[in-house]
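Beneath this line is the structure, given in structure tokens, with notes to follow.
The values are calculated or read from the model by the stated rules, or taken from the named source; none is laboratory data. Being a predicted model, the structure only gives us computed values, none of them experimental. Cβ sites come from the backbone with ideal geometry, for glycine too, and all protein chains shown count toward neighbours.
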Amino acid sequence: MIFKRRHLLVIAGIILVVLCSFNLLHTLPFHLFSVQQKPAPQPLENYDYYIIVDEVDNHSLMYVPLVVNIGDEVLTEENKRYKVIRIEKNRAFARFVEDVKLKDSKEK
């Protein structure tokens, strides 16, 4: 009878350890590896207009009354395509990408 009682206590202890271990392993990742939110980006100051300039020689490409973002593209009067790469206050610096060949509207 004592032998059976010891077996029951050992088995109950093992079951208790397994259940506690399972609970710990189940909830531990939620506490240790919690998701960190990225800080909100600082809002950019909006201007009434932006001056888009060539990054090489700083000549003015155009003035626009729109908000300019990095990655925006500009097509000038000379059919040159530029891409905005940097913005400082209300001045956007654009990099030359290519000369654009436009089809004549009279061609059929």
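The residues of the range 52-68 that are part of a strand (DSSP E or B) and either of a type outside the set (Gly, Ala, Ser) or over 17 Å from residue 78 (Cα atoms) (or both), listed by number, are 52, 53, 54, 61, 62, 63, 64. Suppose the filter is β-branched (Val, Ile, Thr), modelled with pLDDT of 80 or more and under 44 Å from the mean Cα position of the chain (by Cα); does residue 18 pass it? Considered against the rule, which asks whether it is β-branched (Val, Ile, Thr), modelled with pLDDT of 80 or more and under 44 Å from the mean Cα position of the chain (by Cα), residue 18 comes out as yes.
Reported count of residues in the range 75-89, each being surrounded by 15 or more Cβ atoms within 10 Å (Cβ to Cβ) and within 14 Å of residue 64 (Cα to Cα), is 3. Each residue in the range 49-74 was checked for being exposed (fewer than 10 other Cβ atoms within 10 Å of the Cβ) and at pLDDT below 90, and 1 of them qualify. Restricting to the range 90-100, count the residues that are in a loop (DSSP other than H, G, I, E, B) and either at pLDDT below 90 or surrounded by 13 or more Cβ atoms within 10 Å (Cβ to Cβ) (or both). Matching residues across the range 90-100 total 1.
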